[in-house]
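Notes to accompany the following structure.
Any read-out appearing in this document is the output of simple, stated calculations on the displayed coordinates, not a laboratory observation. Being a predicted model, the structure only gives us computed values, none of them experimental. All Cβ positions, glycine included, derive from the backbone under ideal geometry; neighbour counts span all protein chains shown.
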Amino acid sequence: MSGRELHIDIAIIGGGIAGLWTLNQLRNRGYSAALFEHKALGSDQTIGSQGMIHGGMKYALAGSWGRDAQTLSAMPAVWRQCLAGGGKVDLRGVKVLSEDFFLWSGPGLQARLNSLLASKFLRGHIETVTPQDYPAPLRSADYRGRVYRLADLVVDVPSLVYTLASRQREAVFGIDWERARLLRQGARAALLLGEITVVPQQLLLTAGAGNANLIAALGCEQPAMQRRPLQQVLVRHHYDAPFYGHCMGARPSPRLTVSSHRDRNGRPVWYLGGDLATDAAEEDPAQLIARARRELAVLLPWLELGASEWATLRLDRAEPRQATSLRPERAFVGKLDGVENARAAWPTKLTLSPDLADEVERQLQADNIRPLHRPDLAALGHLPRPPLATPYWDTLFP
Ligand SMILES: Cc1cc2nc3c(=O)[nH]c(=O)nc-3n(C[C@H](O)[C@H](O)[C@H](O)COP(=O)(O)OP(=O)(O)OC[C@H]3O[C@@H](n4cnc5c(N)ncnc54)[C@H](O)[C@@H]3O)c2cc1C
């Protein structure tokens with residue numbers, strides 16, 4: 001190793017929700033932890049997410065209410081506790097966009113939704129909404145379906161990233177891989193930053209899709225990663241009422257998922273996901289936009305969005321590799337093969353960030369990795385501070 005050594009408890013690489021949440025939780029527990037981000041905090045999936053903190057009902061509707069469902073269904077309450085300042089991570093100051101998330105039936109599909117809702121898994125988790133309480137876009141005499149309220153909430157992701165980063169300002173650093181390098185010394189990993197070598201008790205990789213290269217840089221093959229691509233649609237318009245909901249169609253997964261945001265000038269943007277996005281990963285953007293316009297015209301024909309501008313966004317969901325390439329059900333934390341002090345982690349959903357941080361803590365304790373070093377990161381003070389990622393609705397429209 002060259003130059004000076006800085007011994008800390010945990011070095012985290014990657015400042016999306018996984019890294020930021022875990023940094024907050026571990027430092028609150030007394031660990032000396034530092035996070036290193038190579039672009040902007042919250043880049044890629046986190047800033048591209050719809051901000052839904054969901055209890056897994058959309059998966060229950062799809063009939064995949066697996067053995068880890070309890071973890072997911074507990075998450076909205078865990079987040080609410082953190083938002084109120086009483087959880088393991090302090091989310092006071094994070095903007096909640098909606099306390100409600102709706103489930104609504106598309107044309108002619110109420111019977112199917114009725115049978116799904118009769119499922120024993122859903123009892124107690126879903127509440128029928130009376131027409132006077134329908135969200136504004138469904139308040140039309142021409143709407144023939146039914147609306148249900150889920151126990152989910154929607155958070156404003158830029159304010160989530162800002163809050164988590166600003167609480168740990170002194171522990172968040174930019175990293176330039178032109179000058180930095182992961183080092184492997186026998187069975188242990190360290191981080192070379194020019195003149196300083198950071199020697200952590202534990203190296204934690206939370207770089208989303210970037211984990212694959214970092215794992216390879218340490219000469220490892222496991223844990224392996226999978227990418228599940230999708231292409232979201234954004235429409236900026238003049239319709240002022242917000243809308244958060246899944247439209248259920250003929251398939252078990254949501255046909256369309258809508259969340260509402262505002263660009264930096266306050267103009268409303270609907271962010272469209274669901275089958276529309278997952279079926280369209282490789283579709284030509286112009287064709288996808290035409291399809292999205294048709295979807296809205298079929299599902300909400302009475303709605304007048306005013307002059308609208310459209311864009312699409314292709315993103316990969318990065319996750320631990322599954323035997324079937326399907327969606328994993330829990331946050332994942334796993335040791336790198338052959339390195340004693342390195343793990344890689346993927347939350348698999350924004351919602352599961354608390355589960356990921358708990359699992360990291362559990363594994364640290366199992367390895368007897370306790371807070372050992374003073375939380376003095378002054379030796380890293382010369383490193384740059386990374387900016388916050390800009391929401392896609394502020395970069396994709398002219
Ligand atoms: C379109 C879309 C919508 C979604 N909506 C929801 C939702 O509503 N609710 C929900 O629960 N989940 C949702 N998800 C899933 C959720 O967004 C992700 O599971 C979660 O954000 C992953 O967080 P992460 O921190 O692991 O990765 P990322 O958010 O991708 O963050 C990785 C970070 O690591 C940094 N990085 C990468 N490589 C390096 C490197 N070599 N060195 C240093 N830093 C590096 C990146 O710049 C980035 O800041 C959605 C996902 C997508 C794609």
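Can you give the Rg to Rh ratio for the range 225-322, taking only C-alpha atoms and Rh from Kirkwood? Write down the numbers at each step before the final one.
Values: Rg = 13.9 Å, Rh = 14.1 Å.
Reported Rg/Rh, Kirkwood definition of Rh: 0.98.
Packing, as the average of other Cβ atoms within 10 Å across residues, places the peptides 377-385, 306-314 in the order 306-314, 377-385, highest first. Using only alpha carbons, the range 155-207 has a radius of gyration to Kirkwood radius ratio (Rg to Rh) of 1.07. Close amide H contacts of Ser98 (hydrogens built in the peptide plane, cut-off under 5 Å, sequence separation of 5 or more or a different chain): Val154. Using Cα pairs under 8 angstrom and six or more residues apart, how large is the relative contact order of the range 302-383, in percent? Once divided by the residue count of the range 302-383, the mean separation gives 20 percent. Under 12 Å of direct C-alpha separation, and excluding same-chain neighbours fewer than eight residues apart, Lys349 reaches these aspartates and glutamates: Glu319, Glu329. Short-range pairs are left out: with C-alpha atoms under 8 Å and at least six residues apart, the relative contact order of the chain is 27 percent. Residue separation of Gln322 and Asp142 scaled by 0.36 nm, minus their Cα-Cα distance, works out to 60.5 nm of gained length. Fewest neighbouring Cβ atoms within 10 Å first, the residues Thr351, Thr130, Thr390 line up as Thr130, Thr390, Thr351. The fraction of all Cα pairs in the range 278-335 landing in successive 10 Å bins from 0 to the largest distance is 16, 35, 24, 19, 6, 0, given as whole percents. Between Thr390 and Ala84, the simple label model (points 7 Å from Cα in the Cβ direction) yields a spacing of 3.8 nm. Applied to the range 374-380, the Karplus parametrisation 6.51 cos²θ - 1.76 cosθ + 1.60 on θ = phi - 60° returns per-residue 3J(HN,Hα) values of 5, x, 9, 10, 4, 5, 9 Hz, with x for Gly and Pro. In sequence order, what are the phi-derived ³J(HN,Hα) couplings for the range 126-142 according to the Karplus relation 6.51 cos²θ - 1.76 cosθ + 1.60 with θ = phi - 60°, rounded to whole Hz, with x for glycine and proline? Rounded to whole hertz, the list is 10, 10, 6, 9, 7, x, 5, 9, 4, x, 3, x, 9, 7, 9, 4, 7.
Eigenvalues of the alpha-carbon gyration tensor of the range 247-398, scaled by 5 and square-rooted, set the equivalent ellipsoid semi-axes at 40, 23, 14 angstrom, largest first. Using just its DSSP H runs of length 4 or more, each adding -39500 (n - 2.57), the chain gives a mean residue ellipticity at 222 nm of -7000 deg cm²/dmol after division by all residues. Comparing Asn368, Asn24, Asn341 in a Gaussian network model of the chain, where Cα atoms under 10 Å apart are tied by springs, the biggest mean-square fluctuation is seen for Asn368. Between Arg169 and Glu304, the C-beta separation translates, for a Förster distance of 51 Å, into a calculated FRET efficiency of about 0.70. Its alpha carbons give the range 243-300 an Rg and a Dmax of 12.0, 37 Å.
Taking the number of Cβ atoms within 10 Å of each Cβ as an exposure proxy, the fewest-first ranking of Leu192, Leu315 is Leu192, Leu315. Take every DSSP beta bridge whose two residues both sit in the chain; close to 70 percent of them are antiparallel. Between Leu192 and Asp100, the simple spin-label model (points 7 angstrom out along Cα→Cβ) gives 5.8 nm. The amide H of Gly194, built 1.01 Å from its N in the peptide plane, has Arg181 as neighbours under 5 Å, considering only residues 5 or more places off or on other chains. Taking θ as phi - 60° and the Karplus parameters 6.51, -1.76 and 1.60, the scalar couplings of the range 381-386 work out to x, 7, 6, x, 9, x Hz in sequence order, x denoting glycine and proline. Extending 7 Å from Cα along the Cβ direction at Arg264 and again at Arg228 yields two label points whose distance is 3.3 nm.
Shown here are the Rg and Dmax of the Cα trace of the chain, at 21.9, 73 Å.
Neighbour counts of C-beta atoms inside 10 Å place Val147, Val89 in the sequence Val147, Val89, starting with the fewest.
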